[in-house]
Amino acid sequence: MLKQAQKLKQTQTLSPQQIQFIKLLQVPTIELDKRIQEELMENPVLEEGKEAEKEDNEFGNDEATQDDLDSTDDFDIDDVPDIDPIDEVNIDDYVSNDDIAGYKMYGDGDVAEDKELPIPMMDTLSDSLLSQLSFLNLDDVEQQIGEQLIGSIEADGYIRRPLEAIVNDLAFLQNVETDLNQVEKVLAMIQHFDPPGIGARSLQECLEIQLKRKDTEDNIVKIAIKMVVLCFEEFKKKHYTKIQKRLAINDEQMKDAIDMITHLNPKPGGTNMMVASAQFLTPDFIVKEVNGRINISLNGKNAPDLRVSRQYGDMLQAFDKTPKKTKKMREEVRFVKQKLDAAKWFIDAIKQRQDTLLRTMNAIIDYQMPFFLSGDEGKLKPMILKDIAEIIQMDISTVSRVASSKVVETDFGIYPLKYFFSESISTESGEDVSSKQVKSVLKEMIDKEDKRKPLSDDKLEKLLRVKGYNIARRTVAKYREQMNIPVARMRKEL
């Protein structure tokens with residue numbers, strides 16, 4: 001029998017402006033300019049650039065220090081204003097100097113310059129292969145087949161699309177009639193291109209292609225080719241005894257052949273792979289140690305010059321002075337008022353974004369100060385989102401959004417903010433240590449192990465317990481996998 005019942009449930013619905021701020025907070029520096037340009041295109045009241053000869057008078061100074069930022073009210077999602085039209089417009093609210101002022105926000109002291117780390121320019125993998133294809137004496141059909149094949153090569157250098165499907169692609173998309181034999185013939189030509197191993201359809205074929213480009217009269221090369229062609233499954237599983245028996249080779253020949261194979265490139269596309277858009281790496285924060293003091297600044301791209309257009313303020317003043325206000329004029333003013341509200345909200349949201357970023361980064365630095373002074377990853381303390389949220393008195397979700405999408409440049413390298421967060425592990429002495437510290441110890445143990453008898457996860461667990469780290473075997477396996485370290489059997493060497 002069905003029963004009806006009433007139930008009260010309290011939910012919080014976010015306004016469009018609150019959702020906008022959340023998205024703005026998540027945007028990394030490299031994408032912020034694009035987001036600002038979109039807003040400038042949508043809102044004619046919002047302008048970019050400094051106010052000529054008025055900037056110093058607007059703020060009294062063209063810089064805001066960390067103290068200025070600290071005096072800003074904490075962001076609370078309920079504090080984001082809604083933008084709704086109203087029937088009556090108070091002109092004074094929209095034409096005062098303070099409201100229409102340009103602004104520029106800074107970090108701790110001077111803002112860092114627009115920090116961009118250039119990556120050397122180079123041809124893409126596809127460009128390089130097409131260039132090599134042009135040197136072959138191909139007819140029109142073979143040229144189109146070659147271009148289709150090169151277009152099917154993935155970023156790591158492999159062709160995973162079945163050749164039968166490529167034959168169909170050529171027929172339906174390029175109107176090129178061909179067959180499997182002709183496609184295989186052109187593919188064989190491409191597989192002779194650089195980098196060696198390019199255009200392979202499997203790891204086995206990739207290794208075979210590279211080996212056959214070596215001196216095939218060399219005995220070790222011959223053994224290595226046989227090992228890849230005839231014993232690949234055994235090779236992957238490191239069943240070396242079976243391989244020796246099948247190929248009738250001694251320990252030294254086995255070791256030399258394996259050494260040759262393991263020095264081949266399993267991802268030939270990776271050496272020349274470039275993404276056209278990845279021209280610059282842009283950190284969100286720049287953190288430097290100077291005389292024992294940590295200086296933090298936001299990347300300059302986080303501090304755009306934005307202002308509300310004075311032209312529209314003048315328009316409102318003219319409206320206010322007009323004795324007879326028509327219905328059309330009131331509608332136009334209402335529209336301008338909405339755009340002014342939106343522009344002022346966006347400027348304030350950018351300011352709130354900067355404040356939130358700096359508060360979060362400062363809290364992380366204070367919490368992990370030993371690392372930022374030394375660069376020693378073993379000095380990273382256990383730290384979770386809640387720890388930082390409590391320090392800066394903001395919601396955990398806000399810290400999460402900052403940490404998940406931002407990058408910091410330090411004296412010791414570039415790190416994603418989420419790198420500094422880790423779970424805690426209890427030692428026998430009752431001390432809490434970072435999981436990163438445990439991973440560091442685990443990696444050191446594996447690096448120093450006898451590769452002829454690599455340590456199993458069970459053995460690693462026991463050794464870690466001897467060192468005072470109480471973690472389960474499954475946790476050892478999880479940490480090992482997170483560091484991309486294979487199981488003991490796969491680490492075995494002759």
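The values are calculated or read from the model by the stated rules, or taken from the named source; none is laboratory data. Remember, predicted model here, so these are calculated numbers, not experimental data. Quick reminder, even Gly has a Cβ in these numbers, built from the backbone with ideal geometry, and neighbours come from all protein chains shown. SASA here: full protein model, heavy atoms, side chains in, ligands and nucleic acids out. Shrake-Rupley method; radii C 1.70, N 1.55, O 1.52, S 1.80 Å.
Within region 136-157, track down each residue that is outside any helix (DSSP H, G or I), aliphatic (A, V, I, L, M) and more than 17 Å from residue 192 (Cα to Cα).
Of everything in region 136-157, just one residue is outside any helix (DSSP H, G or I), aliphatic (A, V, I, L, M) and more than 17 Å from residue 192 (Cα to Cα), namely 155.
Only residues in region 310-322 that are closer than 13 Å to residue 340 by Cβ count as the first member; pair them with residues that are open to solvent by less than 40 Å² (accessible area, probe 1.4 Å) and not in a helix (DSSP H, G or I), Cβ under 6 angstrom, at least 6 apart or cross-chain, and list the lot.
Once the first residue is closer than 13 Å to residue 340 by Cβ and sits in region 310-322, its partners that are open to solvent by less than 40 Å² (accessible area, probe 1.4 Å) and not in a helix (DSSP H, G or I) give 312/45; 316/91.
Quickly run through region 389-412 and pick out the residues that are within 19 Å of residue 298 (Cβ to Cβ) and among the small types (Gly, Ala, Ser).
Of everything in region 389-412, those that are within 19 Å of residue 298 (Cβ to Cβ) and among the small types (Gly, Ala, Ser) turn out to be 403, 404, 405.
In region 312-353, how many residues are at pLDDT below 80, of a type in the set (Phe, Trp, Tyr) and either in contact with a Leu (Cβ under 8 Å, 6 or more places away or on another chain) or under 14 Å from residue 47 (Cα atoms) (or both)?
Of the residues in that region, 1 qualify.
Filtering region 191-234 down to residues that are assigned to a helix (DSSP H, G or I) and basic (Lys, Arg), which residue is least open to solvent (accessible area, probe 1.4 Å)?
Step by step, filter region 191-234, then rank; the result is 222.
State the number of residues belonging to region 447-473 that are open to solvent by less than 90 Å² (accessible area, probe 1.4 Å) and in contact (Cβ under 8 Å) with a residue 24 or more places away in the chain.
11
Within the set of pairs 6+ apart or on separate chains, which have a first residue in region 125-147 that is touching a residue at least 24 places away in the same chain (Cβ under 8 Å), a second that is surrounded by 15 or more Cβ atoms within 10 Å (Cβ to Cβ) and of a type in the set (Ser, Thr, Tyr), and C-beta atoms under 7 Å apart?
Going by the 7 Å Cβ cut-off, the qualifying pairs are 141/178; 145/178.
Working only within region 359-393, note down all residues that are among the aliphatic types (A, V, I, L, M), modelled with pLDDT under 90 and open to solvent by less than 50 Å² (accessible area, probe 1.4 Å).
380, 383
Could you tell me whether region 125-137 includes any residue that is of a type in the set (Asp, Glu) and out of contact with any helix residue (DSSP H, G or I) (no Cβ under 9 Å at 6 or more places or on another chain)?
So far as region 125-137 goes, yes, one or more of its residues are of a type in the set (Asp, Glu) and out of contact with any helix residue (DSSP H, G or I) (no Cβ under 9 Å at 6 or more places or on another chain).
Pick out the one residue from 489, 480 that is surrounded by fewer than 14 Cβ atoms within 10 Å (Cβ to Cβ) and either in a loop (DSSP other than H, G, I, E, B) or modelled with pLDDT under 90 (or both).
489
So which residues in region 288-311 are surrounded by fewer than 17 Cβ atoms within 10 Å (Cβ to Cβ) and either in contact with a Ser or Thr (Cβ under 9 Å, 6 or more places away or on another chain) or farther than 21 Å from residue 45 by Cβ (or both), if there are any at all?
If the condition is that a residue be surrounded by fewer than 17 Cβ atoms within 10 Å (Cβ to Cβ) and either in contact with a Ser or Thr (Cβ under 9 Å, 6 or more places away or on another chain) or farther than 21 Å from residue 45 by Cβ (or both), then 288, 289, 290, 291, 292, 293, 295 are the ones that fit.
Does residue 182 satisfy being in a helix (DSSP H, G or I), of a type outside the set (A, V, I, L, M), surrounded by 15 or more Cβ atoms within 10 Å (Cβ to Cβ) and out of contact with any Leu (no Cβ under 6 Å at 6 or more places or on another chain)?
yes
Six or more apart or on different chains, Cβ atoms under 9 Å: show the pairs whose first residue is in region 284-307 and farther than 25 Å from residue 343 by Cβ and whose second is open to solvent by 10 Å² or more (accessible area, probe 1.4 Å) and among the aromatic types (Phe, Trp, Tyr).
Pairs that qualify, where the first residue is farther than 25 Å from residue 343 by Cβ and the partner is open to solvent by 10 Å² or more (accessible area, probe 1.4 Å) and among the aromatic types (Phe, Trp, Tyr), are 297/106.
Go through region 310-326 and give me each residue that's of a type in the set (S, T, N, Q) and assigned to a helix (DSSP H, G or I).
Scanning region 310-326 gives 311, 317.
At least 1 residues that are acidic (Asp, Glu) and within 21 Å of the chain's Cα centre (by Cα) in each: list the strands (runs of 3 or more DSSP E) lying fully within region 359-428 that qualify.
407-410
Could you please find all residues in region 143-164 being farther than 23 Å from residue 270 by Cα and either among the hydroxyl-bearing types (Ser, Thr, Tyr) or open to solvent by 20 Å² or more (accessible area, probe 1.4 Å) (or both)?
143, 144, 164
I'm trying to understand the selection: among the residues of region 270-287, which are open to solvent by less than 70 Å² (accessible area, probe 1.4 Å), farther than 17 Å from residue 355 by Cβ and either β-branched (Val, Ile, Thr) or at pLDDT 80 or above (or both)?
Passing the criteria: 282, 283, 286, 287.
Does region 247-256 hold any residues that are surrounded by 14 or more Cβ atoms within 10 Å (Cβ to Cβ) and part of a helix (DSSP H, G or I), and which are they?
247, 253, 254, 255, 256
Could you tell me whether residue 397 is more than 25 Å from residue 443 (Cβ to Cβ), of a type in the set (S, T, N, Q) and touching a helix residue (DSSP H, G or I) at 6+ places or on another chain (Cβ under 8 Å)?
The answer is no for residue 397.
If you scan region 169-179, which residues turn out to be of a type outside the set (Asp, Glu) and open to solvent by 80 Å² or more (accessible area, probe 1.4 Å)?
172, 173, 174, 175
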